[in-house]
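The values are calculated or read from the model by the stated rules, or taken from the named source; none is laboratory data. Small disclaimer: the values here were computed from a predicted structure and weren't measured. Note: ideal-geometry Cβ built from the backbone for every residue, glycine included; neighbour counts use all protein chains shown.
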Amino acid sequence: MDVDPLCIIIVKNGSRGDRLLFRYPYSDEVTLETKIKDKRPTPYSLITEENIQTPPEPHTSNISNGKLVGFHDKTLSNLFAVKSELSDSKFELKVNDVRFVGHPLRLNPTLVRVPTQGKRKPSTIILVNIVFALKATINHDVVNCYHDLSKRLGIALRHEEYRCQFLSSQAKIMLAAHDEATQLPEDGQVSPFQLILDRSLLAQHLKQAYDELCGSGIVQLRLNNWIEVSFCLPQKVHRSLATGLPVDCEGLLKGLKALKPYHTFLLLVERAELLHSLSPDASPALWRLLHVEESHLTPFFTLAADADLTLTQVFMLVGHLVYWGKATIIYPVCSTNVYVLSPHAPTVINSQLADTFRDEFPGASLHVMLADFSLPTSLSDKCHPINSPIQQQEQVQQILWLLKHGLLQQLHTYVYLAPTLTLDTDNSRGSSREIGGTGPLGSHGTSSPASTSIPTPTVHEPPPLSQEPASLTSQQPPGHHPDITQDALHRAAVQLSHPASESDLGSVCSDERSPSPGVTLGTTPELSVHHQLDSLLSLAEKEMVMKVEAAQNPEDLKLFAKLCVYFRGHHHLEEIMYRANLRRSTLLHLIEKFRPVLITCQHPDDSITLFSYTK
Amino acid sequence: MLEEYGKEGPIRGIFLAEFHHIAGPKIMHQHPEGCISKEIFDAVSVFIIPKPQVLKRIVTFNVLGVKITGYPNEIRSPSYKRNALIFNLAFVCESSARTVHYEPAVKKLSEYLENLELEDGFLSSPSGRARIPALLRQVLVDLNKSGHCTVTITLGGGEGERRPSQLMRHNTTDGSTPPQRRLSLYSDQRPSEATFRGYRKSSVSEAKSRRRSSDSTTTSVLHLKVVRLWPDPLQVEDHHVPVLISERVYSRGDHWDLTTQQILPYIDGFSHVAKIAAAADVDNNLVKACVENLLYYEQVRLLPIFQYSNVYVVTSGIRHLYEDPELQEECRRTVSKHCASRPQLCQILEIYCSMTYGVSVRGLCIRYNPQVLNIDERRLVQFGLTNKLIRRLHQYPLLVPPEDPHHTPSKHNAIHALCSGQHNFDEICCRLGLTFKELSDIVERDPNIRVLWK
């Protein structure tokens, strides 16, 4: 969907009535045409009787060639110079197939700082409205973004007016140009807007805003060379990314809420370029974050420690980067990650991407690479030990490139506890859950008596829903993990040690970040284990679990009891590893032991892929 | 794409505003009383009675917590003070509600009033005005309740002070022809453009007026209908399989057009469009149009063809099957082969979870033998697809020319032309009339073709 604006219009209202100051783009033909129409009908002209029998002309569109047509300046200024009741709030008007959105702002003339010398009269402008004309069919989400931009521009303009009468002086220039254009002889017709554009800084600002909106979708201008107005139209910015999928703000924000400490971000633009484009007064925290090397390998909690920021701050900064289309969220690249071709990947043979890829990695073919990833492939599969480190590095770079362009998605393994019996004996349902519901809830994690040498991140799991009539799970709503308070996370993050040993894969290290040598189990009385199981599983489920051979081993059972809350399909292996502070091998071993009651499946992590597209 | 904002809300109020020759914009009638306050009206009157250039266009604005959609209309005639009657009949809605679906009704109502005024002076005569509140009330109540409304208005007739209509005056000016009433509701005569946008919208606006035999009274009937707007359906292709997702199709059998009735029995959830067309003896494109229509009304869903060579992968939607007891029940009921016993849910879950890259349905059948488990694999796949538990993995053959400069294009040109990465196996098979096996053999043997799965 095309989200470009049709037109940007600035209107003022003041003591001398409403006036359209400037519109861009303007077209000469239209102004000429309106000029002719503008001529007053002479009182002597014959009023031709309209034939009522013929149907009236169907109304033609007010959009032609992506431009706004068919409205006089006077009509527009009449519509947009709103009554004071409507000022300082959102203004939305749809006429025919054009939607106008703006944010009328009232100016208080008494606040304008008048230079002491000179006897200039105080400003007479009492209201200014910067209006964007959009196609009426544009999504409401986009309309809200344009409203936001109008508001930002308006507020900056008001500030400049109060500071140094910027608006008044610009309006003077514009009005003078309008007058001049009307006084010109007919044949030397020049559009007044052309004159304005040549002379007025504000008009140039508006033109810049329009051009940038139509171009990149990111507006960065310095109003009156003083106030910075920056704006991002995410619907446009994200579409121009390689993934090319439509996004909306709502989906983006929702996705950003699902950030987890074990995720990390992948810059979509060159780091140096991004640092260069930051404004001088950008947050120093952002600088620190961006200066952490190899950030795509390090999860947020480590990043936070490295950059000396809190995790919340990191989340917010990354949220900004993602919103502005500068970064995307991934799971840190490591050798066990399994990647597969994304269903949205463009596969057209002659795509631009293939050429870019060849330029980036001479000798490699994008399509061969994509064909390789048609089946799930992990990084360790790709990197043969025989390969030299340089080759391995190259391969990692290629994968990063594919991830950046949204051609790959990562598959995660989810585990479901599905013992045959509970799922199928209808009568065992419901009744069994009652016990689960009334058991000592939330005993998991917090009261875990297992003495580990490393402090376990404290996990507050929501208690399983009790009294679920026929459900076989104790589910939490997806994405709803009021799990770990940010502070606790941060503490945990700082305390968690760094990767124990760099493997021979060099920087592509294994994800087994915690040595966790002392997960000494079995020191607790059996009773508490059973308690735990009771609280988390239904009777039938527990019965089946106890039948598994491995359940006879108290240590295995202990670990299973600790983890079984994650076996509901909401947590992938990596998340379980993070939350329970486990090694991958330990976890896989346990799952293998309890295989008879567990089902595993692989699919992408929706919480982070969600904001790359919306339904 | 349509403006997607909020839900469809009811109409909060309807008002009729006019440009009074002395007082300016003024609310003449409203229902219910106070649906638009005086303050708001004054603030927005510029949009309700706008400049001439904006007349006769739908104008919607959303300010001060109300959303108003109107159609400012104008009748030019020297008989009015200021030579014109400008009026606007507008609907008031919640500021968060969608109003785009009311726009045709607003426009039609406004044009209807225009005609009544030309005919009968409905808006300017006291007798006509007296009937407006009832009209507004009826439109509001009926549209909110049932989404359609039929207004009957008796023109002239018993009303004593009937003033000569505009039209009659036009007629009488040019000669001494006896005054003859003619109804000129052009919404009747005009080949309404909405009707032919697609047959699904045929009932949008269809005004009827009929004349009673008696020459003194004339009844005019207006039909209004609010038609919901859905986004346009997907493009239907030859290889798509339509699956009915609603029972309503049959209960309203005679409701559909003839072609749809003819193809409905063949939509069994397993035949693709081309097959349905052949079986029902209907042209391919007609079938596609019908299926598109059914899609628009959410009666069918399009799925890819089922084949044992297909590969499906599980999606995160599988979580719903694990958690939602209703879905579980439905699933067990749907996929069972014999009604007598239901398959075990954990078996179903296990099969779904085993659907992954590189595992075809055939492979699954060999591994799990669903026949024994009382599971119908076709229904299992269909259920998984319709409920988004799984998705089909498509194969896209891609012609990657070798680096070798002496390479000569081979003879499979028809296939090579389709190996651009845009066409999947289903499409190519359908287009070239090949079976899946033939095509995959050809692709396998060709060293220049790589296959992408996505």
For a quick check of your reading: which helices (runs of 4 or more DSSP H) sit entirely within region A:357-440 and have at least 1 residues that are at pLDDT 85 or above? A:366-372, A:389-404
Given the residues A:Asp198, A:Asp148, A:Asp141, which is the only one that is under 31 Å from the mean Cα position of the chain (by Cα), away from chain B (no Cβ under 14 Å) and of a type in the set (Asp, Glu)? A:Asp148
Go through the residues of region B:297-309 one by one and say whether even a single one is within 35 Å of the chain's Cα centre (by Cα) and within 14 Å of chain A (Cβ to nearest Cβ). yes
Within region B:268-290, is even one residue closer than 17 Å to B:Thr386 by Cα and in a helix (DSSP H, G or I)? no
If only one of B:Tyr80, B:Tyr71 is of a type outside the set (A, V, I, L, M), within 30 Å of A:Asn139 (Cα to Cα) and within 14 Å of another protein chain (Cβ to nearest Cβ), which one is it? B:Tyr71
Hey, B:Glu74 part of a strand (DSSP E or B) and of a type outside the set (Gly, Ala, Ser) or not: yes
On the basis of being charged (D, E, K, R) and in contact (Cβ under 8 Å) with a residue 60 or more places away in the chain, does B:Glu33 make the cut? no
Which listed residue is within 23 Å of B:Ala130 (Cα to Cα) and under 29 Å from the mean Cα position of the chain (by Cα), from B:Gly13, B:Gly9, B:Gly34, B:Gly65: B:Gly13
Restricting to region B:102-158, name every residue that is small (Gly, Ala, Ser) and either on the phi < 0 side of the Ramachandran plot or surrounded by 17 or more Cβ atoms within 10 Å (Cβ to Cβ) (or both). B:Ala105, B:Ser110, B:Gly121, B:Ser124, B:Ser125, B:Ser127, B:Gly128, B:Ala130, B:Ala134, B:Ser146, B:Gly156, B:Gly158
What helices (runs of 4 or more DSSP H) lie completely within region A:138-246 and have 2 or more residues being among the basic types (Lys, Arg), farther than 22 Å from A:Tyr26 by Cβ and at pLDDT below 85? A:234-240
Cβ pairs under 8 Å, 6+ apart or interchain, first in region B:129-154 and over 16 Å from B:Ile11 (Cα atoms), second assigned to a helix (DSSP H, G or I) and among the polar types (S, T, N, Q), ordered by first then second residue, are B:Val151/B:Gln138
If you take the residues of region A:95-114 that are in contact with a helix residue (DSSP H, G or I) (Cβ under 9 Å, 6 or more places away or on another chain) and facing chain B (nearest Cβ under 10 Å), which of them is modelled with the lowest pLDDT? A:Asn96
Could you tell me whether any residue of region B:311-325 is farther than 25 Å from A:Tyr566 by Cβ and not acidic (Asp, Glu)? yes
Would region A:363-376 turn up any residue that is touching a residue at least 60 places away in the same chain (Cβ under 8 Å), within 29 Å of the chain's Cα centre (by Cα) and within 13 Å of another protein chain (Cβ to nearest Cβ)? yes
Out of A:Val333, A:Val292, A:Val314, sole residue that is crowded, with 22+ Cβ neighbours inside 10 Å, over 22 Å from A:Leu253 (Cβ atoms) and among the hydrophobic types (A, V, I, L, M, F, W, C): A:Val333
Kindly provide the set of residues from region A:567-583 that are more than 14 Å from chain B (Cβ to nearest Cβ) and not in a loop (DSSP other than H, G, I, E, B), ordered by number. A:Leu573, A:Glu574, A:Ile576, A:Met577, A:Tyr578, A:Arg579, A:Ala580
Where residues in region B:368-384 are modelled with pLDDT under 90 and within 14 Å of chain A (Cβ to nearest Cβ), which of them is nearest to B:Phe306 (Cα to Cα)? B:Ile375
A:Thr312 is checked against (1) at positive phi; (2) out of contact with any Leu (no Cβ under 8 Å at 6 or more places or on another chain); (3) more than 14 Å from every other protein chain (Cβ to nearest Cβ) and fails just one. What number does that condition carry? (1)
Residue under question is B:Val359, and the condition is that it be more than 21 Å from A:Leu370 (Cα to Cα), at pLDDT 85 or above and not assigned by TED's automatic domain parsing to the domain that holds B:Ser271; does it hold? no
Pairs, first buried (at least 16 other Cβ atoms within 10 Å of the Cβ) in region B:429-445, second hydroxyl-bearing (Ser, Thr, Tyr), C-beta under 7 Å, six or more apart: B:Cys429/B:Thr435; B:Phe436/B:Ser309
For region A:160-170, enumerate the residues that are touching a Leu at 6+ places or on another chain (Cβ under 6 Å) and not charged (D, E, K, R). A:Tyr162, A:Leu167, A:Gln170
Could you list, in sequence order, the residues of region A:78-94 that are within 13 Å of A:Ala133 (Cα to Cα) and facing chain B (nearest Cβ under 7 Å)? A:Leu79, A:Phe91, A:Glu92, A:Leu93, A:Lys94
Residue list for region B:3-27, restricted to those being crowded, with 16+ Cβ neighbours inside 10 Å, at pLDDT 85 or above and of a type outside the set (Lys, Arg): B:Ile11, B:Gly13, B:Ile14, B:Phe15, B:Leu16, B:Ala17, B:Glu18, B:Phe19, B:Pro25, B:Ile27
So which residues in region A:63-77 are at the interface with chain B (Cβ under 9 Å from one of its Cβ atoms) and surrounded by fewer than 21 Cβ atoms within 10 Å (Cβ to Cβ)? A:Gly70, A:His72, A:Lys74, A:Thr75
Give the number of residues within region B:312-350 that are outside any loop (DSSP other than H, G, I, E, B) and more than 10 Å from chain A (Cβ to nearest Cβ). 8
Test A:Tyr331 against the criterion of being of a type in the set (Phe, Trp, Tyr), within 14 Å of chain B (Cβ to nearest Cβ) and in contact with a helix residue (DSSP H, G or I) (Cβ under 7 Å, 6 or more places away or on another chain), and give yes or no. no
Checking A:Ser342 against (1) surrounded by fewer than 22 Cβ atoms within 10 Å (Cβ to Cβ); (2) over 13 Å from A:Thr264 (Cα atoms); (3) not charged (D, E, K, R): exactly one of these is not met. Which one? (1)
